[in-house]
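Chemist: Sending over a structure as C-alpha cells; questions will come in a sec.
The values are calculated or read from the model by the stated rules, or taken from the named source; none is laboratory data. Just so we're clear, the structure is a prediction, and the values are computed from it rather than from any experiment. Don't worry about glycine lacking a Cβ; one is built from the backbone with ideal geometry, like all the others, and counts go over all protein chains shown.
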Amino acid sequence: MAVNAHRTKQHLGYVPQEVALYPDLTARENLLFWGRLYGLSGARLQARVASVLELVGLSERAGQRVVTYSGGMKRRINIAAALLHEPELLVMDEPTVGIDAQLRSHILNTVKELNRQGLTIVYTSHYMEEVELLCDRVAIMDQGSIIATGTVAELRNIVGEESQITMTLQNWQADLAELLLALPIVSRVVPHGNELVVASSNPSLALGSIASIFAEHGVIMRSVQIAEPTLETVFLHLTGRALRD
C-alpha cells in the first residue's frame, strides 16, 4: 500500500533542536506563516495561533519580534509552531537544551499536559532525568542504533545494580561492618569517616535490619539517602562510556 508522504506529514509535528523561526518577524507573524504552510487559514488559523500562544505562556509577548526573545522564549514559540495544526504525533528533539531551570520546568510541564490530553510524543534527550520523568517507554540509542527498549523499570533491571544507601552516622564502630555484611541483603559496606555507604538489592528491608544493629550498639543515624539505579547507569552499562553529544 502506497504511503502519501504529504498527507502523513500533516499528522506530524516537529520541534527541532535548533530554533527554526524568522527573527525579524514577531512571534504571532511566525505562527501565522507556519500555520499557512500547514494549510490553516481564516478564523481557524487565528484561533489556533491564540491557543498555542496561551499554551506556551506568551500571549502577552506575541507582538514582539523574535530577535528580542530569550533562548527559552524562542524554544517555546518553536513548540507552539509545531502544535498549530493539532498533530497526532509530536517529535521533540532536545527541546530544553541551553535554557534555565524555570523555563525547563515550564516546557516539561507542557509536555506532560499535552500527553495527558492524548497527544503521542517522541521525545529525544541526553538528560536522563527528563526521560525518567516523562516517558512511558524508552529506547536507548548508541551510534545511530537502538540498543535497548522498554519501560524505565525494565531498563533498570538490565543493570541489576543494587541500590546505594548513604548514611551519616554518630558513634560508628568499624567492627560493625562485619555484622552488616553478614546480612543476606547487604553486599557491600564502605565507610567514609562519619558516612557509611551500603549496597543492597532491597534497601527498605536492609534499613530495618541495619537500624536494629545500630540500636544495639549505640550508633545514631543522622541522615539516610537511597539512590536507585538510573537510566544513565543503564546507558553506561550498555555502551561502556559516558553520555555523548
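Chemist: When both residues are 6+ apart or on different chains and their Cβ atoms are under 8 Å apart, which pairs have a first residue that lies in the stretch 198-220 and is under 12 Å from I165 (Cβ atoms), and a second that is assigned to a helix (DSSP H, G or I)?
Modeler: Here the result reads V198/L180; V198/A206; V198/I210; S200/A206; I210/L180, each pair linking the stretch 198-220 to a residue that is assigned to a helix (DSSP H, G or I).
Chemist: Oh, and also: Against the condition touching a helix residue (DSSP H, G or I) at 6+ places or on another chain (Cβ under 6 Å), outside the structural domain of Y127 (by TED's automatic domain parsing), touching a residue at least 12 places away in the same chain (Cβ under 8 Å) and farther than 20 Å from A227 by Cβ, how does L183 come out, does it pass? First the steps, then the outcome.
Modeler: Working: touching a helix residue (DSSP H, G or I) at 6+ places or on another chain (Cβ under 6 Å): yes; outside the structural domain of Y127 (by TED's automatic domain parsing): yes; touching a residue at least 12 places away in the same chain (Cβ under 8 Å): yes; farther than 20 Å from A227 by Cβ: no.
When the stated conditions are applied, L183 does not pass them.
Chemist: Now for a different question. How many residues are in a helix (DSSP H, G or I), closer than 30 Å to H6 by Cα and modelled with pLDDT under 95 if we restrict to the stretch 80-110?
Modeler: 3
Chemist: Within the bounds of the stretch 118-132, is there any residue that is within 12 Å of the chain's Cα centre (by Cα), among the charged types (D, E, K, R) and surrounded by fewer than 18 Cβ atoms within 10 Å (Cβ to Cβ)?
Modeler: yes
Chemist: In the stretch 123-160, what residues are free of Cβ contacts under 8 Å to residues at least 24 places away in the same chain, in a loop (DSSP other than H, G, I, E, B) and in contact with a strand residue (DSSP E or B) (Cβ under 9 Å, 6 or more places away or on another chain)?
Modeler: Across the stretch 123-160, the qualifying residues are C135, R137, T151.
Chemist: Quick check on the stretch 48-61. Is at least one of its residues free of Cβ contacts under 8 Å to residues at least 12 places away in the same chain and either farther than 30 Å from Y127 by Cα or crowded, with 19+ Cβ neighbours inside 10 Å (or both)?
Modeler: Checked against the condition, which is being free of Cβ contacts under 8 Å to residues at least 12 places away in the same chain and either farther than 30 Å from Y127 by Cα or crowded, with 19+ Cβ neighbours inside 10 Å (or both), the stretch 48-61 yields at least one hit.
Chemist: Same structure again: Out of A81, A20, which single residue is in contact (Cβ under 8 Å) with a residue 40 or more places away in the chain, of a type in the set (A, V, I, L, M, F, W, C) and closer than 18 Å to N109 by Cα? Show your work before the answer.
Modeler: Numbers: A20 fails: closer than 18 Å to N109 by Cα.
Sole residue among the options that is in contact (Cβ under 8 Å) with a residue 40 or more places away in the chain, of a type in the set (A, V, I, L, M, F, W, C) and closer than 18 Å to N109 by Cα: A81.
Chemist: Right, another one. Do you know which residues across the stretch 148-172 are more than 20 Å from E228 (Cα to Cα) and surrounded by fewer than 13 Cβ atoms within 10 Å (Cβ to Cβ)?
Modeler: Q170, N171
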